[in-house]
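The values are calculated or read from the model by the stated rules, or taken from the named source; none is laboratory data. Source: prediction; values computed, not measured. Heads up, the Cβs are rebuilt from the backbone with ideal geometry, glycines too, and the neighbour counts pull from every protein chain shown. For the accessible areas, the whole protein counts, side chains as well, though only heavy atoms, and no ligand, DNA or RNA atoms are used. Shrake-Rupley method; radii C 1.70, N 1.55, O 1.52, S 1.80 Å.
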Amino acid sequence: MTPPRSHADVFAGFPLVDVASWLGRKSLLVIAPHPDDESLGMGGLIASAAALGRAVDVVFVTSGEGSHRGSPTHPPAVLARVRREEATRAVDILAPGRNAAHFLDLPDGGLSTLPRPWEAVEALAACMTPDTIVCVTSDTDPHPDHRQSFAWAREASRKTGATLWTYPVWTWMSDTPADESLSGVRLDVSARLDAKRSAIAAHRSQHGLVIDDAEEAFTLPRQMVERLCQPHEVLIRIHE
Ligand SMILES: [Zn+2]
């Protein structure tokens, strides 16, 4: 019996494809549960699609106000504003001059218990057409907000006829063996890595650079950032 393989090993077998031929004439919608997911998972694709002249939009489901707790200077409403500003800057680096960042401002850490989840589905569906390629965080990611965003995007894409793909973020750090039936592509984003790194860096609060008085503070693991700054970005195909 072959030993179980990691997600990284399974992803390494996905074919390497060129963004221009993969995207065709379609527009791109990236759904990020939190500010930074878009740059970490899809920064190269967003920059490539913008450089190709395609329509590009990024929807942030939450404003990430849960990353630092108990900070006197950055209570949740202030932190949300800081993170929306960082996200806007990051998206402007990737897709300059497009005003491509949009915010639903739903509660960070609370997506799976939202009282009116259909409103989120409708808000996402309003950004989709049959000619949209939608990329949302993978349901292989352990974070409940990432999985909930995936479920809403799947529902919205079914309603609208948009094409759905998923991107891994926290999956890269997971020890859980991969499902061998996963399939997908590796997009060649080697020409856009500088923009991607700059966009990741624009999320300054997530690199320990903004808030120094929190009781609990999140910092992006360097190892994960490096894994996500490879010359290709992984997209996993959805099997209906
Ligand atoms: Zn996230």
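Looking only at segment 73-89, which residues are among the hydroxyl-bearing types (S, T, Y) and assigned to a helix (DSSP H, G or I)?
T88, the sole residue that qualifies.
So, of the residues in segment 106-132 that are surrounded by fewer than 16 Cβ atoms within 10 Å (Cβ to Cβ) and touching a strand residue (DSSP E or B) at 6+ places or on another chain (Cβ under 7 Å), which turns out to be nearest to F150 (Cα to Cα)?
Taking the candidates together, the pick is L114.
Taking segment 92-136, which residues are closer than 28 Å to V10 by Cα and part of a loop (DSSP other than H, G, I, E, B)?
Scanning segment 92-136 gives no hits.
Inspect segment 9-31 for any residue being within 16 Å of the ligand (Cβ to nearest atom), within 22 Å of A123 (Cα to Cα) and modelled with pLDDT of 95 or more and give the result as yes or no.
Yes, there is a match, as at least one residue in segment 9-31 is within 16 Å of the ligand (Cβ to nearest atom), within 22 Å of A123 (Cα to Cα) and modelled with pLDDT of 95 or more.
Restricting attention to segment 34-63, report how many residues are away from the ligand (no atom under 16 Å from the Cβ) and under 19 Å from T219 (Cα atoms).
So the answer is 0.
Condition first: in contact with a Phe, Trp or Tyr (Cβ under 9 Å, 6 or more places away or on another chain), closer than 27 Å to M173 by Cα and more than 16 Å from the ligand (Cβ to nearest atom). Now tell me which residues in segment 94-145 satisfy that.
I133, V134
Could you give me the residue pairs with C-beta distances under 8 Å whose first residue belongs to segment 217-233 and is modelled with pLDDT of 95 or more, whose second residue is open to solvent by 70 Å² or more (accessible area, probe 1.4 Å) wherever it lies, and which are 6+ apart or on separate chains?
C229/R197; H232/L16
Restricting to segment 73-93, what's the tally of residues that are of a type outside the set (V, I, T) and open to solvent by 40 Å² or more (accessible area, probe 1.4 Å)?
Residues flagged as of a type outside the set (V, I, T) and open to solvent by 40 Å² or more (accessible area, probe 1.4 Å) within segment 73-93 amount to 8.
Filter segment 146-173 down to residues that are within 17 Å of E233 (Cα to Cα) and more than 14 Å from the ligand (Cβ to nearest atom) and give me whichever is farthest from the chain's Cα centre (by Cα).
Of everything passing the filter in segment 146-173, L164 is farthest from the chain's Cα centre (by Cα).
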